[in-house]
Amino acid sequence: MLAVHEDRLAAAVARLGSENAFEILARAREIEARGRRVVHMEIGEPDFDTPEHIKKAAVDALYDNHTHYTPSSGMPSLRAAIAEYASRFRGIAPGWEAHNVVIAPGAKPAIWNTLSALLDPGDEFVYFDPAYPAYASAASYLDAKIHAIPLLESRNWRMDLEELERRVSAKTKVVVINSPHNPTGGVLTKSDLEFIAQLAQRFDFLVLADEIYSRNFYLDSPYVSIASLPGMRERTIVVDGFSKAYAMTGWRLGYAIMPERLARTVTLFNNNTFSCVAAFVQMAGIAALAGPDEPVTRMNEIFRTRRDRLVNGLNQIAGISCLLPEGAFYAFPNVASVTDDDRGLAKFLLEGGGVACGGGSSFGAAGKGYLRFSYAASLDDIDWALESIAKTLPKFAR
Ligand SMILES: Cc1ncc(COP(=O)(O)O)c(C=O)c1O
């Protein structure tokens, strides 16, 4: 029998990234299991329960025996519901149709399978830094040539557009954007999006717009998707899902919307990997879109209150400065005057202060000297965490 030695792993495995937040969560749970209080601000998931009508739809669907395989692209009724909702929410005209939508068990596999359908080794791929790790992990695994454009704190965590313009060329195949942004909470302005759209048309590249936080949005102006700009519907892949807006992280339900020909190829990847998403989970998704929007807006208001409390509190601690995030549910404070070992500091705050957060450099080199706090925690927890950070931070050996 062949032994599975490490050296038998595919070389490409070494290029995979991972989400550090899951490791911090595991450590935080160990500390908690020993009876110590830990405030969880490390992981990107709403702490709310999934709304009742969504849970009920899933339970009813189970009892109605919706427990069989479904098409690899997703159930036609969910694809149609998403096409209608997403076109309406983003003002897409003419609207997307069901054949533009591909369902996946989360936005993350939708990203993986879409990039797998697009990138050959050596293809030029542009994203941004700091970033949610899944884009670079998939693109490196596929052996694309990767360029990371820095996001600038001085531009409210928006992309350095001059650098983007320098980096893209006729060889660029895909540019990823993510607004509202994980880990900084930054939001691209309409004029940023117009600039990127012009480049996309000039150099003929596709834009993968990760809009999973489009409902976690705190500006008074309406949310703008790059797909709604002239000429962009046919060259944009919108990634979205149910995890963040409906507090459905564990259900695993996401999607991507794209030109029909590409949707057929991404479906082939779904077919080859997970086959399909559980039928009763998809029916819960239909209920989420058809049901009242009030739970989504209510959760968002609570996030906004927490954001204000957390950011005000952080800015009162010596050595920390934090911009007010405009979307998502993360704060990304600058701690560079304390240390550039952000991951070491995050570990110290957890071990010594019971506050679980992430080091900015886990999201890329440009995150060095920052921390990421997810404010998916109660106001009481946030207050406790702020007090603990104020006490623990000065003890960190620089
Ligand atoms: C920017 C971004 N995109 C996509 C995802 C994936 O979400 P899911 O796979 O739960 O739908 C996340 C989750 O943290 C995220 O932060």
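The values are calculated or read from the model by the stated rules, or taken from the named source; none is laboratory data. Predicted model, so just to flag it, every value in this text is computed and none were measured. Positions of Cβ are generated from backbone atoms using ideal geometry, with glycine treated the same way; all protein chains shown enter the neighbour counts.
Structure summary
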| quantity | calculated |
| --- | --- |
| Close pairs from the range 293-304: first closer than 10 Å to residue 215 by Cα, partner surrounded by fewer than 16 Cβ atoms within 10 Å (Cβ to Cβ) and of a type in the set (Lys, Arg), Cβ under 6 Å, at least 6 apart | none |
| Among residues of the range 27-46, those that are out of contact with any Lys or Arg (no Cβ under 8 Å at 6 or more places or on another chain), in contact (Cβ under 8 Å) with a residue 12 or more places away in the chain and either small (Gly, Ala, Ser) or not assigned by TED's automatic domain parsing to the domain that holds residue 329 (or both), counted | 1 |
| Within the range 143-184, tally of residues that are of a type in the set (Lys, Arg) and touching a Phe, Trp or Tyr at 6+ places or on another chain (Cβ under 9 Å) | 3 |
| From 83, 136, 107, residue being in contact (Cβ under 8 Å) with a residue 12 or more places away in the chain and either in contact with a His (Cβ under 9 Å, 6 or more places away or on another chain) or away from the ligand (no atom under 16 Å from the Cβ) (or both) | 83 |
| In the range 182-213, the residues that are in contact with a helix residue (DSSP H, G or I) (Cβ under 7 Å, 6 or more places away or on another chain) and assigned to a loop (DSSP other than H, G, I, E, B) | 183, 212 |
| Filtered residues of the range 210-257 (kept if of a type in the set (Lys, Arg) and away from the ligand (no atom under 11 Å from the Cβ)) | 215, 233, 235 |
| Count of residues meeting criterion [away from the ligand (no atom under 16 Å from the Cβ) and either within 18 Å of residue 86 (Cβ to Cβ) or crowded, with 22+ Cβ neighbours inside 10 Å (or both)] in the range 180-196 | 2 |
| Test: residue in the range 198-210 that is modelled with pLDDT of 95 or more and either hydroxyl-bearing (Ser, Thr, Tyr) or outside the structural domain of residue 115 (by TED's automatic domain parsing) (or both) | no |
| Residue within the range 321-334 that is in contact with a helix residue (DSSP H, G or I) (Cβ under 7 Å, 6 or more places away or on another chain) and either part of a helix (DSSP H, G or I) or modelled with pLDDT under 95 (or both) present | no |
| Hey, residue 80 closer than 30 Å to residue 259 by Cα, of a type in the set (Gly, Ala, Ser), surrounded by 13 or more Cβ atoms within 10 Å (Cβ to Cβ) and at pLDDT 95 or above or not | yes |
| Boolean, residue 329 is crowded, with 18+ Cβ neighbours inside 10 Å and away from the ligand (no atom under 16 Å from the Cβ) | no |
